[in-house]
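Report on the structure given below.
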Amino acid sequence: MVTIKGKVWSAVVAAALMGMSLPFWAGCAIVLAQTTEPATPQTKQTKKPPAKSETPSGSAGKASGSKPKGSSGKSKAGSSGKAKGKKGSTTRKSHVVSRKPTAQTIHLTSAFKASEQLRPMAQQLAATRSVAAYNGVEAYARQHPGEGAAAAYLALGHAQLLDHRYDDAVRSYRQANASGTALDDYADYLGAQAAVQAGHGADAYGLLDRFEERHPESIFDASAPVLLANAYLQQNDPQGALKVLVPLADSAQASHVDFRYALARAYQTSGDTTHAAVIYKSIYVGFPLSIEAAQARAQLQAMNTPPSAAERKIHGDQLFNAKRYAEAGEEYHAIEHDGSGLNSADHDALLIYAAACDMRLKKISRREVEKLPDTKDDSAALKLYLLAELSRTENDQVAHDALISQMVRDFPTSRWLEEALYSGGNMYLLKHDPQQATYHYALLVKLFPKSAYGPSAHWRAAWMNYRQHNYAEAARLMEEQIQMFGGGIEIPGALYWRGRIYEDEEEDFGQAANYYRAVTASYVNSYYAGLARQRLNVLKTQAANVAPATALSSVHVPVVPDLTGELPENEPHLIKARLLANAALNEYIGPEIQASSTSSEWGALAQAEIYSSYGETTRAIQSMKHSGISFFSLPLDQVPTIYWKLLFPQPYWVDLTAYSQKNGLDPFLVASLIRQESEFNAGVVSHANAWGLMQLLPSVGKAAAKKQGIKHFDANMLLNPATNLQLGTLNLREVMDRFGGQAEYALAAYNAGDVPVRQWMAIGDYKDIAEFVESIPYTETREYVQAILRNREIYRALYAAH
């Protein structure tokens, strides 16, 4: 152990750093199970990237799927952000204390107004960094002295940093400092950063000296000492760096990887390689996903104190768990090739773990796996798992099941059996074999009750029983789901379908109503809440009041956050955030807002409105989605209306409505689909070559253009919002017609293609369309359909009365 100012730097992985006493392969990495659907379901209409989630993903092992996307509206730059809600909406009292203008806020506001006209030029410069864009901002700086020029020079410096023109950036930040003071902490910090990158670290000393004292409440206060230390190191002054960093060794910022790396470099450069090596190893093992981890490894090699095989193995395991299989495989293979003093058992285990990486990268054959050594420890279970996965790929169910049985017999507690059971259940789910799927999922929950896959596997077992008409067992499992996995993403579905069993099979209408009310109370804007409200309307004359079932006591009641629809106009961080937008320093807008002590009540609104005020609908959507607010569990009237309208905006509404009506489509359904597909980003082209708002393949666009009489079609035309809407609504109409106008079928086909949907329809025996949707085996497609239908109802609630 090495202690610095009383701090034990090897504490992160003490056993690994100072000599492992545990078995070498203890704590091996977990292979994530194969998902239940193809990575990119094929579709004849469109191809698009997986949709993004607006809700917590639940269990870590659940197959990824599409989740709903958000939206934003437009508001005037610098507006108060006051929300005018619908009549009858509940206004929540804000705890934000109104501030009187101060000299600081008056100055910041003046700077914002002085640079308002800069914003489009600065944003263009940040996006393109063309000669014309540079010239435009430079001309603005010359024509608008004072704070207008300061903002322009900040925009120039930012663009020059992105272009690696560090000397130019230094000059621009210097001019920003000389021109104004509203954003002088940015001019100082970014100027110092540019000076270090330009190789003139000494020029950063004055900019960073007493930074926190000169710029209290700056978002750079915590990082300025690290930058100053790096400036000293660049100038071969390790003692200067140590003088800055060592006094902060017990501070919160000392836990950050950039601080640790700078301190290690300072010790190394000063000749104290003992301290340096310990810190480097803590970075290499404790922060394996950071850029500094690779740098720390290089420095350890340079000092001739490389990490041990045990440390390298831990590093590789963490890369593996993060799905960085290529890097993990490189580490495993490197350990394997250089020997590193491994005994025979450890070497054999390493070969198997390296093979697991190669399989994930599709770089290994069955023959190579079969040739792997036969071990007596848990790596033997991994070898069986790899063989089972190969059997799955080869569609050899007999071999797959035999391998699973062998694992159950020989390795009943192995994590690889856990992985194999989940993967096997997923395989049989896709093969429409409910008995085998249920067997694998149920056995996983029985053998591994605390598995990350538990909630998903348990719910799938419940649903398989429902589909096989084993209603008593399905009901038991659904109640168990609610009690065992409260708060999980499967709970709304479990509540709704347990209610359906009460209603349809047990004819206990009162208890069915209790379950439906539980969905609408705790998941008010969810897809299942919409279904539950429909059932409550049917049951309103039949449902007697009965005491709620025991399982309902486990349902989480959502906490309504304190959110205000009014922005604190004299809040310095808010005004600075708006000023940052004028200078196109977009990446600092969120951190600047969050630096305010009251931002939890208004920060999401402020950030979205800043983006929306410039027409950046997609960025406004994303800021709302990433706000951490559980919108879909909150009643509309418990959140200021402005939040909802930013989340569900109406860009391109005239064209969207016109083309929707022309093709006999509900405009709100089209808006919801676009919200899911592209987040209203008209210029997006997906990795699957889907273009524009409605994510059309060029071939689909070309066919639709021909029907519309559009000549000389080019794919770039799909990036025009009006053209995309014209062709996209026609395409959606045709999909709807192929499926009898049923939105659920059409949306599923829009995402997964016609062929899979017709296969699912052919299985038949669905009580209603909701049962079909729940039975879609592709997680992405199922959640895609549910999200669009849910969003359509929110659109209607917000705008249908207008």
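Can you name the residue in segment 245-277 that is acidic (Asp, Glu) and modelled with pLDDT of 95 or more and, of all such residues, is surrounded by the fewest Cβ atoms within 10 Å (Cβ to Cβ)?
Looking at residues that are acidic (Asp, Glu) and modelled with pLDDT of 95 or more, I get Asp272.
So, in segment 691-719, how many residues would count as being among the β-branched types (Val, Ile, Thr) and part of a helix (DSSP H, G or I)?
Number of matching residues: 1.
I'm told Thr438 meets every condition in (1) of a type in the set (S, T, N, Q); (2) closer than 27 Å to Ala354 by Cβ; (3) without any contact (Cβ under 8 Å) to a residue 60 or more places away in the chain except one. Can you identify the failing condition by its number?
(2)
Applying the selection to segment 250-290, what residues are under 12 Å from Thr305 (Cβ atoms) and of a type in the set (Phe, Trp, Tyr)?
Tyr280, Tyr284
Output the residues belonging to segment 443-474 that are in contact (Cβ under 8 Å) with a residue 24 or more places away in the chain, aliphatic (A, V, I, L, M) and surrounded by fewer than 21 Cβ atoms within 10 Å (Cβ to Cβ).
Leu443, Leu447, Ala452
When only residues in segment 374-421 that are modelled with pLDDT under 95 and outside any helix (DSSP H, G or I) count, which is farthest from Gly329 (Cα to Cα)?
Filtering segment 374-421 for residues that are modelled with pLDDT under 95 and outside any helix (DSSP H, G or I), the one farthest from Gly329 (Cα to Cα) comes out as Lys376.
Quickly run through segment 292-320 and pick out the residues that are among the hydrophobic types (A, V, I, L, M, F, W, C) and more than 21 Å from Cys357 (Cβ to Cβ).
Those that are among the hydrophobic types (A, V, I, L, M, F, W, C) and more than 21 Å from Cys357 (Cβ to Cβ): Ala296, Ala298, Leu300, Ala302, Met303.
Kindly state which helices (runs of 4 or more DSSP H) lie completely within segment 627-690 and contain at least 3 residues that are under 19 Å from Leu732 (Cα atoms).
Hits in segment 627-690: 653-662, 667-677.
Any idea which residue in segment 357-404 is surrounded by the most Cβ atoms within 10 Å (Cβ to Cβ), counting only those that are farther than 23 Å from Gly316 by Cβ, of a type in the set (Asp, Glu) and in the same structural domain as Leu430 (by TED's automatic domain parsing)?
Across segment 357-404, the extreme among qualifying residues is Asp401.
If you go through segment 245-291, how many residues are outside any helix (DSSP H, G or I) and of a type in the set (A, V, I, L, M, F, W, C)?
Of the residues in segment 245-291, 3 are outside any helix (DSSP H, G or I) and of a type in the set (A, V, I, L, M, F, W, C).
For segment 360-394, how many residues meet the condition of being out of contact with any Leu (no Cβ under 6 Å at 6 or more places or on another chain), under 21 Å from Met427 (Cα atoms) and not aromatic (Phe, Trp, Tyr)?
14
For the structure I just gave you, tell me whether Lys281 is out of contact with any Gly (no Cβ under 8 Å at 6 or more places or on another chain), buried (at least 19 other Cβ atoms within 10 Å of the Cβ) and of a type in the set (Lys, Arg).
yes
In segment 630-653, which residues are surrounded by fewer than 20 Cβ atoms within 10 Å (Cβ to Cβ), in contact with a Gly (Cβ under 8 Å, 6 or more places away or on another chain) and among the hydroxyl-bearing types (Ser, Thr, Tyr)?
Matches in segment 630-653: Thr641 only.
Taking Ser270 and the conditions (1) farther than 13 Å from Val196 by Cβ; (2) within 34 Å of the chain's Cα centre (by Cα), which numbered condition does it fall short on, given that it satisfies the others?
(2)
Suppose we keep only residues that are among the aliphatic types (A, V, I, L, M) and more than 31 Å from the chain's Cα centre (by Cα) within segment 299-320. Which one would you say is nearest to Asp272 (Cα to Cα)?
Met303
Which of the helices (runs of 4 or more DSSP H) found entirely inside segment 499-599 contain at least 3 residues meeting this: among the aliphatic types (A, V, I, L, M) and crowded, with 21+ Cβ neighbours inside 10 Å?
Ranges flagged: 509-522, 527-539, 572-582.
Could you grab the pairs with beta carbons closer than 6 Å, sequence gap of 6+ or different chains, first residue in segment 301-328 and without any contact (Cβ under 8 Å) to a residue 24 or more places away in the chain, second one not β-branched (Val, Ile, Thr)?
Pro306/Leu300; Glu327/Leu319
Give all pairs with beta carbons closer than 6 Å in which a residue from segment 654-678 that is touching a residue at least 60 places away in the same chain (Cβ under 8 Å) and buried (at least 24 other Cβ atoms within 10 Å of the Cβ) meets a residue that is outside any helix (DSSP H, G or I) and of a type in the set (Ser, Thr, Tyr); count only pairs at least 6 apart in sequence or on separate chains.
Pairs found: Arg675/Ser71.
Enumerate the helices (runs of 4 or more DSSP H) found wholly within segment 720-802, keeping only those where 3 or more residues are under 26 Å from the mean Cα position of the chain (by Cα) and either in the same structural domain as Phe668 (by TED's automatic domain parsing) or touching a residue at least 24 places away in the same chain (Cβ under 8 Å) (or both).
Those helices (runs of 4 or more DSSP H) span 743-752, 779-799.
If you go through segment 341-358 one residue at a time, how many are touching an Asp or Glu at 6+ places or on another chain (Cβ under 9 Å) and either outside any helix (DSSP H, G or I) or of a type in the set (Phe, Trp, Tyr) (or both)?
Count: 2.
I'd like the residue in segment 321-330 that is part of a helix (DSSP H, G or I) and either farther than 11 Å from Ala356 by Cα or modelled with pLDDT under 90 (or both) and, out of all such residues, is nearest to the chain's Cα centre (by Cα).
Here the residue is Asn321.
Need a quick list: helices (runs of 4 or more DSSP H) entirely within segment 130-214 having at least 1 residues that are touching a His at 6+ places or on another chain (Cβ under 9 Å).
The qualifying helices (runs of 4 or more DSSP H) are 147-162, 166-179, 184-197.
Keeping to segment 414-459, report how many residues are of a type in the set (Lys, Arg) and over 19 Å from Asp401 (Cα atoms).
Qualifying residue count for the region: 1.
Tally up the residues in segment 292-312 that are in a loop (DSSP other than H, G, I, E, B) and either of a type outside the set (A, V, I, L, M) or farther than 16 Å from Leu263 by Cα (or both), please.
Final tally of qualifying residues: 5.
The values are calculated or read from the model by the stated rules, or taken from the named source; none is laboratory data. No experiment lies behind these values; they were computed from the predicted model shown. Note that we place each Cβ from the backbone using ideal geometry, even for glycine, and neighbour counts take in every protein chain shown.
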